[in-house]
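Each remark here refers to the structure printed beneath this line.
The values are calculated or read from the model by the stated rules, or taken from the named source; none is laboratory data. Bear in mind that the values here come from a model prediction, so they are computed numbers and not experimental data. Glycine gets a Cβ as well: all are built from the backbone with ideal geometry, and neighbour counts include every protein chain shown. Surface accessibility is based on the protein's heavy atoms, side chains included, excluding ligands, DNA and RNA. Shrake-Rupley method; radii C 1.70, N 1.55, O 1.52, S 1.80 Å.
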Amino acid sequence: MAAIEAGCKKSDGTTIPTIQTNGMISNVSDTVAQSEGSVTNYGGSIITALGICYSSTNSNPTIADSKTSESTSTYDFVSTLHRLAPNTVYYARAYATNGKGTGYGSVVKFTTAATSNSYAGTVTTFAGNGTAGYADGTGTGAAFNDPQGLAADAQGNLYVTDPFNHVIRKITPAGIVSTIAGDGNLGYALGPVNTAEFYSPSAIAVDAAGNNIYVVDQGNNVILKISGGLVTKLAGNGSSGYVEGAGANAEFNGPAGIAVDGSGNVYVADKGNNRIRKITSAGVVNTFCGTGVGGYLDGASTTAEFNGPEGLAIDASGNLYVADSFNHSIRKIGTDGTASTIVGSPVQTIEINAPGAITVDNQKNLFVTDHSGRVIELNVASNISYTLAGADNTSGYSEGVGSAALFNGPMGIAVTSAGIFVADSYNNRIRKIALAK
């Protein structure tokens, strides 16, 4: 009889909660790391506990292993994993518990650093004397005025947008700074590089050979090309808006980032339109990804949402990476236009705090500047990220190692065989980060 009664009981509709583990472990050091989790379905019952469980011996950690405990008032959280052992493999995953049981996210495997400074970079000034001005020269004999965009060619030359001087600069590997385009006057003029005029150029990209340079002339809402000693218009009619089309028929709204692929296609982070635009080699502009709604949503190109996208970078496989500033996240767009999140979220600033620029090396490691004052490396193959230099929400100027080095408005970033280079805007310098590893 008892068995019949049990069989007649109706389900209360509750289920074990479902939760996701962010695929990247952030701010990894020798003894500390951070992991993010997001509850995607609370199961119809109150969440009573959530956090990250982790272990160096159990490849599928549970709440019986070491775990963090976070406030159940939010279903999107970052947990700090303390008392880790240096140079040790760990397994971590998010968990959430309700009256029905405990649900787990996917497992992320990572290795802690060997020492507290294993991932710290050494920061020095490569060019610029720190005073806002305009002077060509070598190293600290040169002067910039709020340098922003930064790009590198295969020979290790750097290209810099110098927006308040309204010119484009070049820095050789020896640190020799010269002006390669712009007469220094605010305006809009195409033609020979020495008489061309820009209006606060903000971002820059260069093809591998260094033959074609692409510039976001933000004040004029146009995308320009520098090649063969001439400045020409690639796209944009100068008005602020959103129009697809060819060349001068297209419109942008506060374009912020730019990247070029191996086929000559140019990608633009159209910040004011919350879209990633694509310009073909023939100059035809269309939306590559994003609906135009300022939001946060992964998925297909026609449904994905961004919020204030700024920096762009593209790898050798054609994957596009976006510094999605207002979402405090780094997004990846595959060649089919599908967007996904690598790290970060709109409600957390611990892992990434308003990223501004991004670049990628030939190993597909990502390097990011965020507006809080940090330079961060994302080692995608190892599922970890860490701060190379700078300190969160701290501005200043100091050379040194890791968090002892300070930036004031780090913006553009580029990587060469000599190191990582950062346009330290408000310090009017180009800084170099030499990696310890």
Efficiency by 1/(1 + (r/R0)^6): what FRET value for Ala154 and Leu297, r their Cβ-Cβ distance, R0 = 45 Å, to the nearest 0.05?
-> 0.80
Formal net charge of residues neighbouring Arg429 (Cβ-Cβ distance under 13 Å; K, R +1; D, E -1) | -1
Accessible surface of the chain, 1.4 Å probe, proportion on carbon and sulfur as whole % = 49 percent
Of the cross-linked pairs Lys67/Lys432; Lys233/Lys332; Lys233/Lys432; Lys170/Lys233; Lys109/Lys170, which ones have a Cα-Cα span greater than 30 Å in the structure shown?
-> Lys67/Lys432; Lys233/Lys432; Lys109/Lys170
Packing-wise, with mean Cβ within 10 Å as the measure, how do 300-312, 66-78 rank, highest first?
-> 300-312, 66-78
So what is the 222 nm mean residue ellipticity for the chain from helices alone, if each DSSP H run of at least 4 adds -39500 (n - 2.57) and you divide by all residues, rounding to the nearest 500 deg cm²/dmol?
-> -500 deg cm²/dmol
Step through the residues of the stretch 102-107 one at a time and calculate ³J(HN,Hα) from phi using the Karplus curve (6.51 cos²θ - 1.76 cosθ + 1.60, θ = phi - 60°), rounding each to whole Hz and writing x for Gly and Pro.
-> 10, x, 10, x, 6, 8
Accessible area per residue of the chain at 1.4 Å probe, in Å²?
-> 38 Å²
Rounded if a/c is under 1.5, else prolate if a/b beats b/c, else oblate: with a ≥ b ≥ c from the C-alpha gyration tensor eigenvalues square-rooted, which is the stretch 387-429?
-> oblate
Protection-proxy order for peptides 143-151, 236-244, each taking the mean of Cβ atoms within 10 Å per residue, highest first | 143-151, 236-244
For Ala246, residues with placed amide H under 5 Å, excluding near neighbours | Val285
